[in-house]
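The values are calculated or read from the model by the stated rules, or taken from the named source; none is laboratory data. All values derive from a computational prediction rather than experimental measurement. Heads up, the Cβs are rebuilt from the backbone with ideal geometry, glycines too, and the neighbour counts pull from every protein chain shown. Remember, those area values only see protein heavy atoms, side chains included, never the ligands or the DNA or RNA. Shrake-Rupley method; radii C 1.70, N 1.55, O 1.52, S 1.80 Å.
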Amino acid sequence: MTELRPDQKIIAAHVADGARVLDIGCGSGVLMQELVETRAADVLGMEINPAKVAAAMARGLSVAQGDALKDLVHYPDQSFDYVILSQTLQAVKRPDLVLDELVRIGRQAFVSFPNFAHWRVRLSLLVGGRMPVTRLLPEQWYDTPNIHHVTVDDFRALIRDRGFKQDGQWFLSGDTQTGRGAANLMAEHAVFLLRR
Amino acid sequence: MQHADRHSQSVKLDSPLPLDCGKQLEGVEIAYASHGALNADKSNAILICHALTGDQYVASDHPVTGKPGWWTRMVGPGRPIDTDRYHVICANVLGSCMGSTGPASICPVTGKPYAMDFPVITIADMVRAQAMLLDHLGIEKLHAVVGGSMGGMQALSWAAQYPACVGAAAVIASTSRHSAQNIAFHEVGRQAIMADPSWQGGEYYDDGGAAPSAGLAVARMAAHITYLSEAGLTEKFGRRLQDRDVKTFGFDADFQIESYLRHQGINFVERFDANSYLYITRAMDYFDLSEAHGGLLAQAFAGTTTRFCLISFNTDWLYPTAESRTILQALHAAGADASFVELESAFGHDAFLLENAEMKAIMRGFLNDGGTV
């Protein structure tokens, strides 16, 4: 089985035991399985790619093939303890609308994304003059699924504008946690815990 | 440990079967097959529900056609529905003609075949009859109920009618209600049967074999088209001619597709009763699970603890993916544990009967979750 990514490890460590969880963009269910096994969580996954849905279902996980932007509207308010959107926000068509749905459906929402203001990204653009290709953003500009690059400060501004409350924030540099100070420059990756 | 692979046996229900139409049926017989051993606490039973023209021969040779069971790729030792682990039961539906009570059965009152005196039945009635069969067998709770097409309608109905008795429900290439288009195709089939002079108002049983075969064959031909995809037909037959190099400028089966459909029709009438076809298609047309709940499908599953697995196929235009999505949304609105995936196949509605590695893996994972038995 594939290892959890560092952001997924942070999320898994902060999900309460027995919680009801919706994992959006769950892939083949690596994080879901971790939550089921270590947190006895009741987890539903949503994934757009049918082959990944089939792989997760074959593991005995509950997964619905669907599109975050189109299908989240069908879930009642506050029907999950946590909604997780890991490494997916930057790939959806309207991240702002998806965020609205996350905090509507979930009592709390974990959101993780690669920080486009990390110094290596900045340097790459500044010096190279080309769209950055980094470890966390390995695709070229033309084939990247990440259509809305976002920085830590952009995200903070959006949640402030939307009036969401923030219950936690974690930052990663490499695969290890880094401090909040200068996160917009130093963090490769951010995890936020939000609520309405 | 009870055992046995019983390739078909029959149970006569002890009490009358109440029907949705208000009538009740006395002396109902249900024919069923079973595979794999029932465990000591009777917790490993899986009920498989068959489609319109299916029967209990899911994993054993068909007595009329001699062909292997209709889902041997899915059901058997080591298969996704593993008879080494599960006790699999498949019952011929009420109204059918492979041993369960239907219009060709003898009415205990008149001593003659029911024919059109058979009451109009529903999917819920079929499920009620299956529940009485399971009562008779002493099985109180099903590990799972699994069905494709009309079998999926039964699986959904099982979960709605007997929520405490269904641990898990797998609903494949199916729908929660028959659409206008679905009803329309069935009506074409029924009219073909009733337009056959041999049908005689359904009273053809005494006539020494003059059943409405032509009408039933046409009904089967029309229905068969709905089971296949346009792309599948093009790939398999295209405009190719049948055993000839040029068109005959006549109405013989010039094209391979014509020959194929005629063949399907002729084979079908050997194993199926025309009146059963009328009654079962009617039951499907009457199917709308939300009807009894003010049109709110989610209400049909309120408070359910059943786990659901929905599978659709991208080329199925009989029960397209949108139907499965409707069911998924209702189940999630009801707070149910429900999975859904649209699988790729070139073969249209029939895909659920054909080889599909993903469907097999999903079924295995779905059935084995929620504790081993």
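From largest to smallest, the equivalent ellipsoid semi-axes obtained for region B:67-127 from the alpha-carbon gyration tensor read 33, 12, 9 Å.
Sorted largest first, the principal axis extents computed over the alpha-carbon atoms of the protein assembly as shown equal 92, 64, 43 Å. For the listed peptides B:191-197, A:188-194, B:57-63, a ranking on the average number of other beta carbons within 10 Å per residue, highest first, reads A:188-194, B:57-63, B:191-197. Under the convention that each Lys and Arg Cβ holds +1 and each Asp and Glu Cβ holds -1, the size of the dipole of the protein assembly as shown around its Cα centre is about 1520 debye. Peptide A:48-60 shows a mean partner chain C-beta count of 6 within 10 Å per residue C-beta. A compact globular protein would have a Cα radius of gyration near 2.2 N^0.38 Å; the ratio found for chain B is 0.97.
Using only the alpha carbon atoms of region A:42-196, find the Kirkwood hydrodynamic radius as the inverse mean reciprocal pair distance, in angstroms to one decimal. Result for region A:42-196, one decimal place: 16.6 Å.
Between the amide H of B:Leu241 and those of B:Gln256, distances stay under 5 Å, these residues lying 5 or more places away or on another chain, with hydrogens modeled in the peptide plane. Sparse packing (at most 15 other Cβ atoms within 10 Å of the Cβ) combined with a DSSP loop state is found for the following GluC sites (Glu not before Pro) in region B:255-346: B:Glu344. The ellipsoid that matches the Cα gyration tensor of region B:86-156 has semi-axes, each √(5λ) in whole angstrom, of 25, 14, 10, with the longest given first. Using bins of 10 Å that start at zero, the share of Cα-Cα pairs per bin across region A:120-196 amounts to 17, 44, 32, 8, 0, in whole %.
Using C-alpha positions alone, give me the convex hull volume of region B:222-359 per residue in cubic angstrom. Convex hull volume per residue, Cα atoms: 153 Å³.
Remark on region B:1-143: hydrodynamic radius 15.6 angstrom, per the Kirkwood mean of 1/r across alpha carbon pairs.
For the residues B:Thr305, B:Thr83, B:Thr122, a GNM of chain B with alpha-carbon springs under 10 Å puts the largest fluctuation on B:Thr305. Count Lys and Arg as plus one, Asp and Glu as minus one, and take only other residues whose Cβ is under 13 Å from that of A:Gln65; the net charge is then -3. Note on A:Ala157/A:Arg196: beta-carbon distance plugged into 1/(1 + (r/R0)^6) with R0 of 22 Å gives a FRET efficiency of 0.80.
Taking every DSSP beta bridge that has both ends in chain B, the antiparallel portion is near 35%. Computed from label points 7 Å out along Cα-Cβ, the spacing between B:Gln299 and B:Val109 is 3.4 nm. Relative to the globular-protein estimate of 2.2 N^0.38 Å, the Cα radius of gyration of region A:13-134 stands at 1.17. Annotation: for a label point projected 7 angstrom from Cα along Cα→Cβ of A:Lys165, residues of region A:181-195 with backbone N closer than 12 Å are A:194-195.
Of the beta bridges in chain A, as assigned by DSSP with both residues counted there, near 45 percent are antiparallel.
Among the chymotrypsin sites (Phe, Trp or Tyr not before Pro) in region B:163-220, none sits in a DSSP loop with a Cβ that has at most 14 other Cβ atoms within 10 Å.
The A-B contact accounts for roughly 1500 square angstrom of buried accessible surface, both chains included, probe 1.4 angstrom. Shown is the FRET efficiency for A:Asp175 and A:Arg20, computed with R0 = 22 Å from the Cβ-Cβ distance and rounded to the nearest 0.05: 0.15.
Each part gets one Cα centre, and for region B:156-177 versus region A:1-77 those centres are 24 Å apart. Mean per-residue shielding of peptide A:61-68 is 6, counting Cβ atoms of other chains within 10 Å of each Cβ. Comparing A:Gln87, A:Gln140, A:Gln108 in a Gaussian network model of chain A, where Cα atoms under 10 Å apart are tied by springs, the biggest mean-square fluctuation is seen for A:Gln140.
Note the direction-averaged projected area, equal to a quarter of the hull surface, for the Cα convex hull of region B:146-212, in nm². Orientation-averaged projected area of the Cα hull: 6.6 nm². Where both bridge residues fall in the protein assembly as shown, DSSP classifies roughly 40% of the beta bridges as antiparallel. Averaged over peptide A:69-78, the number of partner chain Cβ atoms lying within 10 Å of each residue's Cβ comes to 2. Extension gain, A:Gln140-A:Asn49: 0.36 nm per intervening residue step, less the Cα-Cα distance, totals 30.7 nm.
Fraction of C-alpha pairs exceeding 14 angstrom in region B:199-247: 68 percent, rounded to a whole number. Computed over region B:126-264, the Cα gyration tensor eigenvalues convert (square root of 5λ each) into semi-axes of 38, 22, 13 Å, ordered from largest to smallest.
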